[in-house]
Amino acid sequence: MIDKTVASTSAAVADIADGATVMIGGFGTAGMPSELIDALIRHGARDLTIVNNNAGNGDIGLAALLKAKRVRKIICSFPRQTDSYVFDALYHAGEIELELVPQGNLAERIRAAGAGIGAFFTPTAYGTPLAEGKETRVINGRGYVLEYPIAADFALIKAEKGDRWGNLVYRKTARNFGPIMATAAKCAIAQVRSIVPLGELDPEVIVTPGIFVQRVVEIDVADQLSSPQAVA
Amino acid sequence: MKRYTRDQMAARVARDIPEGAYVNLGIGLPTMVANHLPKEREILLQSENGLLGMGPAPAAGAEDADLINAGKQPVTLLTGGAYFHHADSFAMMRGGHLDFCVLGAFQVSATGDLANWHTGAADAIPAVGGAMDLAIGAKRVFVMMDHQTKSAESKIVAQCSYPLTGVGCVNRIFTDLAVIDVTPQGLTVVEIVDGLGFDELAALTGVPLRRAAEARADKQKVV
């Protein structure tokens, strides 16, 4: 019997090793798997490379992971925000490496890793500083930049519902990077609001088929409401 | 000198967005365009974080942390709207499916190069987000910006001194003084704020401008 459900967030992240590359879903805090990140902080893995659209908000979730000095490098599109002071301080102190990637290139590089694409030519960033040092080519009169996939050891994502086979549906704009990150990691871990019996998710609307997901952990709604994340 | 207000600029941009258009409004000033889109036109707003058919801000108390826009503010979804993941969202831009985007800018060059993501200052933390994808992806790129910097330098320049967002990507510039098209023959003035003459506008602009009438005459010669 296939059963990808895991009893706790701590168990779900227990084998994330020092030096791992970890994708973290979310756009700002929408879709950010805060409970899994908290478990990763408790677990203690360090020297991590993190892939996320941003670089943390306030003192919670990804920002808390950065604050705990567990991250060596971050790959993201938009680190600077009004409440990214944790990242800002680390960056100015030279304590974190930043690889800045245009958001669409970030998404496509993640998608490419999950889809087995070796590299691709994209028009985004052609002729800009973010293409410096990269191979370029003119195709049908238009300039393109060669970009390589971004794969990960683990992906931590947040979905609305999942089942024991790992099928997932999301909620509104909390979907964002979840589906593509699930495809690009050797081990995709989804925190869901509820685990439902097989067959309850309409097969016509399953967004992430279970083959892309290795672990599913249910986060109790009451837990979410009583956690510092929900208050902040 | 009379200048268009923010709202007048936004209304002017909105006038150029036709029925049926798919549009992405950048963070900041461009978001004001949404308030001026004519109600009788069905125009669909796309947000990079995965929604098409974005509606206005929700009523106080009805905010949903899972339903936000690119600026991470709470929004709503129109009836008939859709959610999708990030790779699909940027396929809409890069794949040429989006009819218009409206972006803010630090500088635009005479050939339509855009600089809007980074001042290049040594201590500035660079952040690009979706700006580069929008700049090269949308079928038509509108820029909305002040004509001059606070220190009265033209933001329309021969060559951008700030790091580029995209090369030759801007089609039309809406400033607080004028509406200007980027054409292969150079910058053509479409409209000027009431009370300002062409020569006065030209004196405030860092590169040569053409009158719309000249551009039309040239076009007729070519035909």
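The values are calculated or read from the model by the stated rules, or taken from the named source; none is laboratory data. This one's a predicted model, so the numbers in the text were calculated from it and none came from an experiment. Quick reminder, even Gly has a Cβ in these numbers, built from the backbone with ideal geometry, and neighbours come from all protein chains shown.
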Mind telling me which of the residues A:A17, A:A64, A:A55, A:A11 ends up being away from chain B (no Cβ under 14 Å) and in a loop (DSSP other than H, G, I, E, B)?
A:A17
Take B:A203 and decide whether it is without any contact (Cβ under 8 Å) to a residue 60 or more places away in the chain and within 23 Å of B:D113 (Cβ to Cβ).
yes
Please tell me if B:G197 is crowded, with 18+ Cβ neighbours inside 10 Å, of a type in the set (G, A, S) and at pLDDT 95 or above.
no
Checklist (1) at pLDDT below 95; (2) of a type in the set (G, A, S); (3) in contact with a Phe, Trp or Tyr (Cβ under 7 Å, 6 or more places away or on another chain) applied to B:G71, failing item:
(3)
If we keep just the residues of the range B:102-112 that are of a type in the set (A, V, I, L, M, F, W, C) and in a loop (DSSP other than H, G, I, E, B), which is farthest from the other protein chains (Cβ to nearest Cβ)?
B:A110
Give the range A:136-183 a look and list any residue that's buried (at least 24 other Cβ atoms within 10 Å of the Cβ), within 28 Å of B:Q46 (Cα to Cα) and small (G, A, S), or say none.
A:A155, A:A159, A:G162, A:A174, A:G178, A:A182
With the requirement that a residue be at the interface with another protein chain (Cβ under 9 Å from one of its Cβ atoms) and either assigned to a helix (DSSP H, G or I) or at pLDDT 95 or above (or both), what does the range A:67-80 give you?
A:C76, A:S77, A:F78, A:P79
Right, B:G96: within 30 Å of B:T188 (Cβ to Cβ), more than 9 Å from chain A (Cβ to nearest Cβ), in contact with a helix residue (DSSP H, G or I) (Cβ under 9 Å, 6 or more places away or on another chain) and in contact (Cβ under 8 Å) with a residue 24 or more places away in the chain or not?
yes
Only one of A:E147, A:E160, A:E97, A:E135 that is among the charged types (D, E, K, R) and under 18 Å from B:M93 (Cβ atoms):
A:E147
Test B:A10 against the criterion of being among the aliphatic types (A, V, I, L, M), out of contact with any helix residue (DSSP H, G or I) (no Cβ under 9 Å at 6 or more places or on another chain) and on the phi < 0 side of the Ramachandran plot, and give yes or no.
no
Step by step: first the residues of the range A:19-39, then only those that are of a type in the set (G, A, S) and farther than 14 Å from A:S8 by Cα, then the one that is surrounded by the fewest Cβ atoms within 10 Å (Cβ to Cβ). Which residue is that?
A:G19
I'd like the full set of residues that are outside any strand (DSSP E or B), surrounded by 15 or more Cβ atoms within 10 Å (Cβ to Cβ) and at pLDDT 95 or above, limited to the range B:203-214.
B:L204, B:T205, B:V207
Would you check which residues across the range A:186-201 are assigned to a loop (DSSP other than H, G, I, E, B) and among the small types (G, A, S) and list them?
A:G199
Selection within the range A:57-76 - over 16 Å from A:P33 (Cβ atoms), touching a strand residue (DSSP E or B) at 6+ places or on another chain (Cβ under 7 Å) and among the basic types (K, R)
A:R72, A:K73
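Okay, residues lined up against (1) within 26 Å of the chain's Cα centre (by Cα); (2) closer than 30 Å to A:G210 by Cβ; (3) not hydrophobic (A, V, I, L, M, F, W, C):
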residue: A:I110; (1), (2), (3): yes, yes, no
residue: A:F120; (1), (2), (3): yes, yes, no
residue: A:G127; (1), (2), (3): no, no, yes
residue: A:G133; (1), (2), (3): no, no, yes
residue: A:V138; (1), (2), (3): no, no, no
residue: A:K161; (1), (2), (3): yes, yes, yes
Strands (runs of 3 or more DSSP E) fully within the range B:129-192 counting 1 or more residues that are farther than 27 Å from A:E132 by Cβ and basic (K, R)
B:140-144, B:172-174
Matching residues, the range B:113-140, being closer than 25 Å to B:Y22 by Cβ, among the small types (G, A, S), touching a Ser or Thr at 6+ places or on another chain (Cβ under 7 Å) and more than 7 Å from chain A (Cβ to nearest Cβ):
B:A131, B:A135
Condition set loosely packed, with under 11 Cβ neighbours inside 10 Å and among the aliphatic types (A, V, I, L, M), scope the range A:197-222, selection farthest from A:A11 (Cα to Cα): answer is A:V205
